[in-house]
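Only one structure is covered here, and it is reproduced in the block below.
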Amino acid sequence: MNSVPTNNMDVKKQNRINTLRCLLKYDRISQPELAQKLNLSWPTVLQNVKELINLGLVHEVGAYKSTGGRKAKAYASIPDAKLAIGVDITKNHIGFTLVDLSGMVIRYTRKTRAFSSEENYFKNLGDLMNSFLKDDEFDRIIGVGISIPGIISDDGKKIIFSHALDIYDFSTEKFVEFISYPCLFINDANAAGFAEMWDKSDIDNLIYLSLSNTVGGAIIFSGKLFWGNNLRAGEFGHNTLVPNGKQCYCGKKGCLDAYISAKVLSEQADGNLAMFFEKLRCGNAEAEKVWDDYLKYLAIAINNLRMTFDCDIIAGGYVGAFLEEFARELKNYVAERNTFESNADFLKYCTFKLEASAVGAALMKIDSFLQEI
Ligand SMILES: [Zn+2]
């Protein structure tokens with residue numbers, strides 16, 4: 001996620017950003033270790049650290065013992081010097097997370113609130129956010145990332161459409177009317193994909209498949225989200241899986257969404273996904289049949305993504321949180337379809353089991369803050 005510097009000022013700024021990112025990874029680190037990890041000279045590191053101390057983002061935490069000569073000073077970041085709020089708007093809920101500069105989730109909550117385009121809903125959103133924060137946190141908030149189940153315009157000013165919220169060409173200004181911090185908007189699956197990418201600096205390309213009440217995804221290419229020409233990249237839910245198959249909410253038939261959304265499972269348990277998995281735990285034969293069919297369709301979807309993008313694929317969303325425990329057969333089904341290897345080692349399960357979209361939206365805000373220090 002680092003940009004390539006183009007001139008001296010950019011190089012200095014990038015070095016400072018990299019110094020803070022490095023400090024955020026460790027509890028404490030000495031000046032020589034920092035210089036070595038960043039491949040920078042001692043004086044440059046010292047200068048960067050001084051600037052970061054002045055910004056209140058880093059502090060000195062004593063000195064390391066050495067075998068001879070002067071003791072090396074040790075530094076640590078202050079991750080909670082700044083915080084970002086992530087909000088996940090869905091049809092029936094609002095999720096809130098509070099994330100620090102290191103990406104750690106400090107707190108989250110989920111409230112039942114049916115979406116409405118009336119002013120009262122947005123006022124309630126602002127009130128809920130205020131009550132989510134503790135008194136000493138208000139001044140440390142750098143902004144809010146808002147995840148939306150829909151397509152957001154390039155400039156973030158409009159929700160072009162959201163089937164889930166039933167809004168079209170909807171101004172995002174309404175959402176921020178009762179929020180006193182700068183806000184950014186991001187598609188929910190892209191936000192969740194961004195969260196999964198956050199601390200994986202060794203991965204350049206990644207596909208995130210979001211298995212929530214609708215199926216979406218994110219394409220991360222060279223460390224950045226790939227949006228497509230119409231900002232619809234990663235709408236894997238509407239790949240055709242079965243010609244003239246089951247009805248999809250988009251109006252077409254046979255879309256992936258109709259076979260592998262979380263609803264396919266929750267519909268078997270009065271709309272309660274956790275209850276469906278509880279049935280599986282109890283060995284309910286009907287649930288086992290539904291689950292096995294689900295996994296077979298999911299394996300097709302995953303194999304198609306692997307053949308198209310040739311990179312690791314993370315299965316996430318509401319169902320993703322249960323895969324580790326329940327999807328014993330999934331890797332076998334995927335491996336059977338794999339043309340090039342006899343395994344499915346490229347398939348990973350999501351790290352963020354809860355509120356991934358809200359966390360990702362907050363991390364987008366943290367990332368833009370770190371790019372600007
Ligand atoms: Zn569809």
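No lab work stands behind these numbers, since they all come straight from the coordinates. Keep in mind that what you see is a predicted model, and the values were worked out from it rather than measured. Virtual Cβ from ideal backbone geometry, glycine too; neighbours counted across all protein chains shown.
A simple spin-label model places the labels of D292 and L133 5.3 nm from each other, with each point 7 Å out along Cα-to-Cβ. Compactness ratio for the chain: Cα radius of gyration over 2.2 N^0.38 Å (N = residue count) comes to 1.08.
Can you bin region 135-212 into rounded, prolate or oblate? Criterion: square roots of the alpha carbon gyration tensor eigenvalues sorted a ≥ b ≥ c, rounded for a/c under 1.5, prolate for a/b above b/c, oblate for the rest.
oblate
In terms of distances greater than 27 angstrom between alpha carbons, the cross-link table entries K134/K200; K91/K331; K82/K353 yield K134/K200; K91/K331. Applying 1/(1 + (r/R0)^6) with R0 = 22 Å to the Cβ-Cβ distance of C250 and K123 gives a FRET efficiency near 0.10.
Among V105, V61, sorting on how many other beta-carbon atoms sit within 10 Å of each Cβ, with the fewest leading, yields V61, V105. Both the radius of gyration and Dmax for region 8-77 are 11.6, 37 Å, in that order, over alpha-carbon atoms. Arranged from fewest to most other beta-carbon atoms within 10 Å of their beta carbon, F340, F352, F236 become F340, F352, F236. Calculated mean residue ellipticity at 222 nm for the chain: -12000 deg cm²/dmol, from DSSP H runs with n ≥ 4 weighted as -39500 (n - 2.57), summed, divided by the residue count and rounded to 500.
Taken along the Cα-to-beta-carbon direction at a fixed 7 Å, the label points for R140 and N230 span 4.4 nm. At the listed q of 0.18, 0.21, 0.23 Å⁻¹, the Debye profile of region 87-177, built from one uniform point per Cα, gives log10 I(q)/I(0) equal to -0.86, -1.12, -1.27. Considering only I85, I314, I167, the Gaussian network model of the chain with Cα springs below 10 Å gives its largest mean-square fluctuation to I167. Rounded to the nearest 5, the antiparallel percentage of DSSP beta bridges internal to region 202-349 is 60%. Comparing N54, N239, N205 in a Gaussian network model of the chain (Cα springs below 10 Å), the most mobile by mean-square fluctuation is N54. Label sites at T339 and D199, each approximated as a point 7 angstrom past Cα along Cα to Cβ, lie 3.7 nm apart.
Mean-square fluctuations from a GNM of the chain, with a 10 angstrom spring cutoff on Cα atoms, peak among G103, G156, G251 at G251.
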